[in-house]
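Data first, discussion second: the structure below is written as structure tokens.
The values are calculated or read from the model by the stated rules, or taken from the named source; none is laboratory data. Here the structure is a predicted model, which means the values were calculated and not measured. We place every Cβ from the backbone using ideal geometry, glycine too, and count neighbours over all the protein chains shown. Surface areas here come from the heavy atoms of the whole protein model, side chains and all, with no ligands, DNA or RNA. Shrake-Rupley method; radii C 1.70, N 1.55, O 1.52, S 1.80 Å.
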Amino acid sequence: MGQVIIRDFDIPADDFLAAGEASSAVRKLLSQLGVAPDRIKRTAIAMYEAEINAVIHGHGGKAHVEIRGDKITIVISDKGPGIEDLELAMQEGYSTAPDSIREMGFGAGMGLPNIKKHADELVINTEKGKGTAVTITVYF
Amino acid sequence: MKISEIAALLNAEVYTENHDDVTDIRSACSADLMSDVMAFAKENALLLTGLVNPQVIRTAEMMEMKAIIFVRGKKPQQAMIELAEEKKIALLSTEFPLFEASGRLYQNGIRGHGF
Ligand SMILES: Nc1ncnc2c1ncn2[C@@H]1O[C@H](COP(=O)(O)OP(=O)(O)OP(=O)(O)O)[C@@H](O)[C@H]1O
Ligand SMILES: [Mg+2]
């Protein structure tokens, strides 16, 4: 894997059928590249949690993915409401998800802690009223 | 257990064709909360749930699960069936409630991992 692979995806707002497509495509790409299965699973879990967050909290957004050498870097960004208190949002069980999202099986406040658990590096840039960018790195 | 054996045990309807019936399924988890499946289900091949929406299939895909059983007679919509076919995930529906369906599988040797 000498070359750099770059992929960009749209994450449409309020589309619960499409939500997860970007993560699914990245999962497929990594397995075609022969990345170790446990690394693929970590990447897929972390990316999917961030993708779902962009759909349910961020009014949709986009994913930028770069695979180079021994790592994958994923940036999921949205222009949604941002996260007011990031430290609080990182805690297990903290969620502002409305009932309509809970009825879909999400909104337990487990996503961000789960991303932290599965990513080797996690950087979250967020500003209230401006949006959120979640950068996930996994080393192969 | 193979998917066909599980279907027989739970008197379940199978909605998909594009899955392999060779895999020996040994582990399962039962949940209506996909957040929990994402956070806690480690190595389970089968998901039992009363929740019916496309994100159940996405969740199973990310967790590398082979089959989903909808309980209490809930049935997947066409768009979900198409998505599952694409991902090679089997979709089943049983009349049994979640506890009963899980218990029958447990009695037949299926175990939970990662909770
Ligand atoms: N992209 C985002 N934009 C705005 N707020 C966000 C974003 N991502 C997370 N948050 C805020 O952080 C909280 C915690 O996020 P987290 O992913 O941990 O839980 P959740 O999405 O509410 O539930 P779960 O992930 O378990 O389904 C959210 O409820 C929301 O308030
Ligand atoms: Mg979340």
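Results for (1) at pLDDT below 95; (2) closer than 18 Å to A:His118 by Cβ, shown as yes or no for each residue.
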position: B:Ser35; (1), (2): yes, yes
position: B:Phe40; (1), (2): yes, yes
position: B:Glu43; (1), (2): yes, yes
position: B:Leu47; (1), (2): no, no
position: B:Asn53; (1), (2): no, no
position: B:Ile57; (1), (2): no, no
position: B:Ala60; (1), (2): no, yes
position: B:Ala67; (1), (2): no, no
position: B:Arg72; (1), (2): no, no
TODO: Inspect all residues belonging to the range A:76-96 and state whether any of them is free of Cβ contacts under 8 Å to residues at least 60 places away in the same chain, closer than 25 Å to B:Leu83 by Cα and not β-branched (Val, Ile, Thr).
DONE: no
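Would you call A:Ile52 farther than 19 Å from A:Ala119 by Cβ and crowded, with 19+ Cβ neighbours inside 10 Å? Give the steps one after another, and end with the answer.
Values: farther than 19 Å from A:Ala119 by Cβ: no; crowded, with 19+ Cβ neighbours inside 10 Å: yes.
In short, no.
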Task: Checklist (1) at pLDDT below 95; (2) within 8 Å of ligand 1 (Cβ to nearest atom); (3) away from chain B (no Cβ under 14 Å) applied to A:Gly69, failing item - done: (2)
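Output the number of residues of the range A:102-116 satisfying the condition of being more than 9 Å from ligand 2 (Cβ to nearest atom) and within 13 Å of B:Gln55 (Cβ to Cβ).
Step one: of the range A:102-116, the residues more than 9 Å from ligand 2 (Cβ to nearest atom) are A:102-105, A:113, A:116.
Filter once more, keeping what is within 13 Å of B:Gln55 (Cβ to Cβ): A:102-105.
Within the range A:102-116, residues that are more than 9 Å from ligand 2 (Cβ to nearest atom) and within 13 Å of B:Gln55 (Cβ to Cβ) number 4.
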- [ ] Filter the range B:22-46 down to residues that are free of Cβ contacts under 8 Å to residues at least 40 places away in the same chain and more than 16 Å from ligand 1 (Cβ to nearest atom) and give me whichever is farthest from B:Met63 (Cα to Cα).
- [x] B:Val22
- [ ] Identify all residues within the range A:111-140 that are more than 15 Å from A:Ile83 (Cα to Cα) and not in a strand (DSSP E or B); write none if there are none.
- [x] A:Asn114, A:Ile115, A:Lys116, A:Lys117, A:His118, A:Ala119, A:Asp120, A:Phe140
Task: Whichever residue in the range A:86-140 is within 14 Å of chain B (Cβ to nearest Cβ) and at positive phi and, among such residues, is surrounded by the fewest Cβ atoms within 10 Å (Cβ to Cβ) - done: A:Gly93
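Across the range A:1-37, which residue is most open to solvent (accessible area, probe 1.4 Å) among those that are more than 16 Å from ligand 2 (Cβ to nearest atom) and at the interface with chain B (Cβ under 9 Å from one of its Cβ atoms)?
Start the filter on the range A:1-37 by keeping residues that are more than 16 Å from ligand 2 (Cβ to nearest atom), which leaves A:1-10, A:12, A:15, A:17-18, A:21, A:24-37.
Retained after the next criterion (residues that are at the interface with chain B (Cβ under 9 Å from one of its Cβ atoms)): A:17-18, A:21, A:24, A:27, A:37.
Values: A:Leu17: 75, A:Ala18: 25, A:Glu21: 77, A:Ser24: 6, A:Arg27: 58, A:Pro37: 96 Å².
My answer is A:Pro37.
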Task: Test: A:Ile40 is open to solvent by less than 30 Å² (accessible area, probe 1.4 Å), more than 11 Å from ligand 2 (Cβ to nearest atom) and more than 27 Å from B:Leu51 (Cβ to Cβ) - done: no
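Could you grab me the full set of residues in the range A:94-110 that are hydroxyl-bearing (Ser, Thr, Tyr) and assigned to a loop (DSSP other than H, G, I, E, B)? Walk me through how you get there before you give the answer.
Applying the first criterion (hydroxyl-bearing (Ser, Thr, Tyr)) to the range A:94-110 yields A:94-96, A:100.
Answer for the range A:94-110, where residues must be hydroxyl-bearing (Ser, Thr, Tyr) and assigned to a loop (DSSP other than H, G, I, E, B): A:Tyr94, A:Ser95, A:Thr96.
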Task: Number of positions in the range B:15-67 that are within 12 Å of another protein chain (Cβ to nearest Cβ), closer than 21 Å to A:Pro37 by Cβ and hydrophobic (A, V, I, L, M, F, W, C) - done: 11
